[in-house]
Amino acid sequence: MAAFILFSLAIGLIAAVFGYMRLARLTIPGVFAGGALALELYASAQVAMGLIVYALRLWPLRLLHMVQHHRDLMERRIYRLLLWLVAVGWLLRYLDYLGLLDPAWSLATAFLNTRLERGSISTSVGDIVAFFLTVLGAYLLSAFIRFVLEEDVYPRTRIATGQSYAVSSLLNYTILAVGFFWP
């Protein structure tokens with residue numbers, strides 16, 4: 001990453017020396033603005049993670065078995081999700097700073113609207129991406145619901161092992177089927 005930043009600054013310096021001021025004005029402030037934005041978003045993620053960690057140690061949430069037994073795992077996954085959100089937010093705001101958000105958005109829209117046809121069957125790339133994202137979302141939702149059931153619901157209801165497995169399996173397949181056939 002440091003090599004990329006130094007390379008970008010060197011490109012800006014060389015462009016300025018040879019009179020390409022438009023490129024120099026885009027490159028050098030872009031590197032500094034991107035760095036400041038990354039620092040701001042990373043600090044925001046750290047503050048948000050601190051609040052989440054604190055909330056997991058407060059009264060109503062600390063009584064949950066899933067928090068008692070898997071707090072570290074939950075904190076790592078929430079932190080990873082926050083970092084992904086920060087990365088996407090940084091990319092969008094950086095492209096907007098450079099004035100490239102609208103062209104990038106129109107390029108992505110054009111790509112997702114690309115029609116794939118074979119005979120009388122026609123679909124778009126966006127439809128395929130939406131299908132996979134819906135199935136992935138259904139799978140993640142199902143896994144989270146089964147995790148909550150196994151950690152907090154079944155131990156408190158004293159349901160038999162076979163019955164809990166049957167309920168979890170049925171719920172898993174139902175959620176996956178709904179995700180698979182979602183319009």
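What the table shows:
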read-out: Using alpha-carbon coordinates, inclination of helix 125-148 to the longest axis of the chain, degrees; value: 40 degrees
read-out: Which of TYR42, GLY162, ALA10, positive extreme of dipole for the chain (C-beta unit charges); value: GLY162
read-out: Mean-position separation - Cα centroids, segment 97-124 and segment 8-29, in angstrom; value: 32 Å
read-out: Potential extension, LEU85-LEU9 segment - 0.36 nm per residue separation minus Cα distance; value: 24.7 nm
read-out: Computed Rg/Rh of the chain, alpha carbon atoms with Kirkwood Rh; value: 1.13
read-out: Scattering profile of segment 113-183 at q = 0.15 Å⁻¹ [log10 I(q)/I(0), Debye over alpha-carbon scatterers]; value: -0.60
read-out: Ordering of 161-173, 33-45 by packing [mean C-beta count within 10 Å, highest first]; value: 33-45, 161-173
read-out: Net dipole in debye of segment 1-108 [+1 Lys, Arg Cβ; -1 Asp, Glu Cβ; about Cα centre; nearest 20]; value: 280 debye
read-out: Test item: Cα-centred dipole of the chain, Lys/Arg +1 and Asp/Glu -1 on Cβ, debye; value: 240 debye
read-out: Equivalent-ellipsoid semi-axes of segment 1-108, from the Cα gyration tensor, Å, largest first; value: 41, 14, 10
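Only the coordinates and a few stated rules stand behind these numbers; no lab work does. On a predicted model such as this, the values are computed, not experimentally measured, just so you know. When we count neighbours, we look across all protein chains shown, and the Cβ atoms used for this are built from the backbone with ideal geometry, even at glycine.
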